[in-house]
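First the structure, in the form of structure tokens, and then the observations on it.
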Amino acid sequence: MGRILFVFGTRPEAIKLCPLVQRLRAQPEHFQVKVAVTAQHRDMLDQVLEAFRVHPDFDLDLMQPEQTLGALTARILAGMETVLSAARPDLVVVQGDTNTTFAAALGAFYRRVPVAHVEAGLRTGDLGQPFPEEMNRVLTSRIAAFHFAPTRAAEAALLREGVAAETIFVTGNTGIDAVLWVRGALERGELQAPEWPWLDPAKRLVLVTCHRRENFGPGFDRAMRALAALAERPDVQLVYPVHRNPNVLGPAHSRLDGHANIVLLDPLPYVAFVDLMRRSAMIVTDSGGIQEEAPSLGKPVLLLREKTERPEAVAAGTVKLVGTDERQIVAEAARLLDDAAEYARMTRVHNPYGDGTACAQIAQVLAGAALLPR
Ligand code: UD1
Ligand code: UDP
């Protein structure tokens with residue numbers, strides 16, 4: 001029996017950890033599970049908690065409008081002291097690359113609590129891209145005792161950094177468990193997507209998201225101009241649920257509001273977003289998680305980044321790096337929309353990031369691990 005404390009704070013961490021929370025909770029003979037949320041995100045996190053019906057045992061509620069990286073990290077570290085004192089876990093589980101991921105891992109380290117890192121080993125090799133996520137990943141790997149790597153390439157990156165081989169487990173990404181489960185439940189009618197009264201069935205749906213810090217400012221502006229240019233085509237409809245970050249929200253609306261072929265939305269609940277992904281012709285994004293989900297749904301991605309820590313789908317040809325160059329984005333989008341052979345090449349269903357069994361594999365490893373009470 002081990003006391004497991006999950007700590008997460010943002011939308012993507014929640015999407016990728018809630019299925020694991022549910023999985024471990026289904027094995028009470030092995031695990032006593034508690035959930036702490038930092039609420040680095042507030043509304044975008046709550047949307048996911050609601051979708052997976054996960055009720056946190058601790059909620060630090062620490063999001064502030066326009067929070068800075070340093071102040072956010074300091075609040076998480078301080079909050080972790082209270083949570084760890086109350087929960088007294090044998091293991092802390094974190095996921096991914098956010099400031100919650102790193103600060104929760106560091107907080108656990110200060111209390112000598114071992115850390116399991118889910119989605120370990122993703123690297124671009126450039127601490128500036130993605131920023132600050134690459135550093136969060138490197139530092140979390142230094143702290144973690146268990147490394148759940150989604151792919152062999154991620155495992156290789158960890159080995160290159162001197163992580164002990166016996167502490168690395170290649171499981172696939174828990175985000176693929178989430179997306180395949182939601183897609184299946186939608187298909188079986190067990191989950192309902194909302195009505196989309198404005199969706200034009202005569203047009204090809206281009207789904208858009210954009211929120212990376214290294215794109216803020218000029219890069220983001222160029223990407224928005226490219227979207228406006230693409231939306232001049234009469235055969236497409238761009239649908240863009242806009243991230244709540246003020247560096248994104250303001251510029252997205254000021255560039256794209258009022259355009260006939262563009263629908264700007266609030267961040268969508270996960271089930272609704274998966275429904276739009278499956279209805280889309282293509283996805284234009286700089287998101288990490290969507291890069292992983294799209295190949296499993298057979299959707300081509302134009303990636304608004306210069307570098308990616310998820311090279312597998314780029315190598316397979318279903319995700320294309322287009323950066324934030326306006327002309328390149330428009331040209332690559334047009335190529336996909338107009339060239340049937342290119343479209344077919346990029347629309348192959350494949351699962352480079354997992355087969356939907358990551359949570360089961362992680363549960364098996366943790367159940368067998370000696371999580372000795374301290
Ligand atoms: C964070 C993560 C990023 C991750 C992204 C997923 C860090 C440094 N960044 O970026 O790695 O890819 O989440 O979406 O950990 N806000 C709201 N409501 C919300 C969420 C955000 O109003 O539900 C606004 C607030 O003004 C907040 C700001 O967005 O201060 C920034 O949030 P923050 O979590 O610091 O950064 P993200 O850009 O969301
Ligand atoms: N997503 C969502 N609603 C939206 C946009 C995205 O539920 O309106 C999901 C998406 O399917 C993916 C995750 O949020 O699972 C990605 O989160 P985000 O892009 O915020 O972060 P990243 O993955 O880039 O860290």
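The values are calculated or read from the model by the stated rules, or taken from the named source; none is laboratory data. Model, not experiment: these values are computed from the prediction. Glycine gets a Cβ as well: all are built from the backbone with ideal geometry, and neighbour counts include every protein chain shown. Note: areas computed on protein heavy atoms with side chains; ligands, DNA, RNA excluded. Shrake-Rupley method; radii C 1.70, N 1.55, O 1.52, S 1.80 Å.
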Task: Rounded accessible area of ARG88 (nearest 10 Å², 1.4 Å probe) - done: 130
Task: Folded to 0 to 90 degrees: helix 218-230 orientation relative to the chain principal axis, Cα - done: 40
Task: Solvent-accessible area, 1.4 Å probe, carbon plus sulfur percent, for segment 1-75 - done: 51
TODO: Using only alpha carbon pairs under 8 Å that are at least six residues apart, calculate the relative contact order of the chain and give it in whole percent.
DONE: 16
- [ ] May I ask for the equivalent-ellipsoid semi-axes of the chain, computed as the square root of five times each C-alpha gyration tensor eigenvalue and listed largest first in whole Å?
- [x] 34, 21, 20
Open item on the list: Given the options LEU207, PRO194, PRO246, identify the residue whose Cα lies farthest towards the positive end of the charge dipole of segment 191-254 (+1 on Cβ of Lys, Arg; -1 on Cβ of Asp, Glu).
Closed with: PRO246
Task: Expected 222 nm ellipticity per residue - DSSP helices of 4 or more, -39500 (n - 2.57), all of the chain, to 500 - done: -14000 deg cm²/dmol
TODO: Specify which residue in the list GLN364, LEU230, VAL284 is farthest towards the positive end of the charge dipole of the chain, using unit charges on the beta carbon of Lys, Arg (+1) and Asp, Glu (-1), about the Cα centre.
DONE: GLN364
Open item on the list: Apply the Karplus curve 6.51 cos²θ - 1.76 cosθ + 1.60, θ = phi - 60°, to the phi angles in segment 279-288 and return the couplings in whole Hz, x for Gly and Pro.
Closed with: 7, 7, 8, 7, 10, 10, 7, 10, 6, x
- [ ] Would you be so kind as to identify which of ALA331, THR100, ALA156 lies farthest towards the positive end of the dipole of the chain, taking Lys and Arg as +1 and Asp and Glu as -1 on Cβ and the Cα centre as origin?
- [x] ALA156
Open item on the list: Is there a quick way to get the dipole size of the chain? I mean about its Cα centre, with the Cβ of Lys and Arg at +1 and of Asp and Glu at -1; what is the value in debye to the nearest 20?
Closed with: 500
Task: Residues of the chain: accessible area per residue with a 1.4 Å probe, Å² - done: 40
TODO: Quick one: what are the phi-derived ³J(HN,Hα) couplings along segment 365-370, Karplus 6.51/-1.76/1.60 with θ = phi - 60°, whole Hz, x for glycine and proline?
DONE: 4, 5, 5, x, 7, 7
Open item on the list: Rounding to the nearest 10 and keeping the result within 0 to 90°, find how far the Cα-based axis of helix 99-110 lies from the longest principal axis of the chain.
Closed with: 10
- [ ] Could you tell me what percent of the accessible area of segment 242-366 is made up of carbon and sulfur, with a 1.4 Å probe and every protein chain present?
- [x] 50
Task: 5 angstrom amide H check on GLY298, placed H, neighbours 5+ away - done: HIS350
- [ ] Please compute the net charge surrounding PHE273, taking Lys and Arg as +1 and Asp and Glu as -1 over other residues with Cβ under 12 Å from its Cβ.
- [x] +1
- [ ] Within the set of other residues whose C-beta is less than 12 Å from the C-beta of LYS203, count the net charge using Lys and Arg as +1 and Asp and Glu as -1.
- [x] +1
Task: Residue-by-residue Karplus 3J(HN,Hα) for segment 18-27, coefficients 6.51, -1.76, 1.60, Hz, glycine and proline x - done: 4, x, 6, 4, 4, 4, 5, 5, 6, 10
TODO: Using the Cα centre as the reference, give the magnitude of the dipole from point charges on the C-beta atoms of segment 216-374 (Lys, Arg: +1; Asp, Glu: -1; all else neutral), rounded to the nearest 20 debye.
DONE: 220
TODO: Based on the mean of other Cβ atoms within 10 Å per residue, sort peptides 169-176, 63-70, 355-362, 232-239 so the most packed one is first.
DONE: 169-176, 355-362, 232-239, 63-70
Open item on the list: Under the rule of at least 5 residues apart or a separate chain, name every residue whose amide H is placed under 5 Å from the amide H of VAL236.
Closed with: ARG204
- [ ] Please list 202-211, 294-303 highest first by mean number of surrounding beta-carbon atoms within 10 Å per residue.
- [x] 294-303, 202-211
Open item on the list: Net charge around MET346, counting only other residues with Cβ within less than 11 Å of its Cβ (Lys, Arg = +1; Asp, Glu = -1)?
Closed with: +2
Open item on the list: Check which residues have an amide H placed less than 5 Å from HIS211's amide H, if you skip close sequence neighbours.
Closed with: ASP286
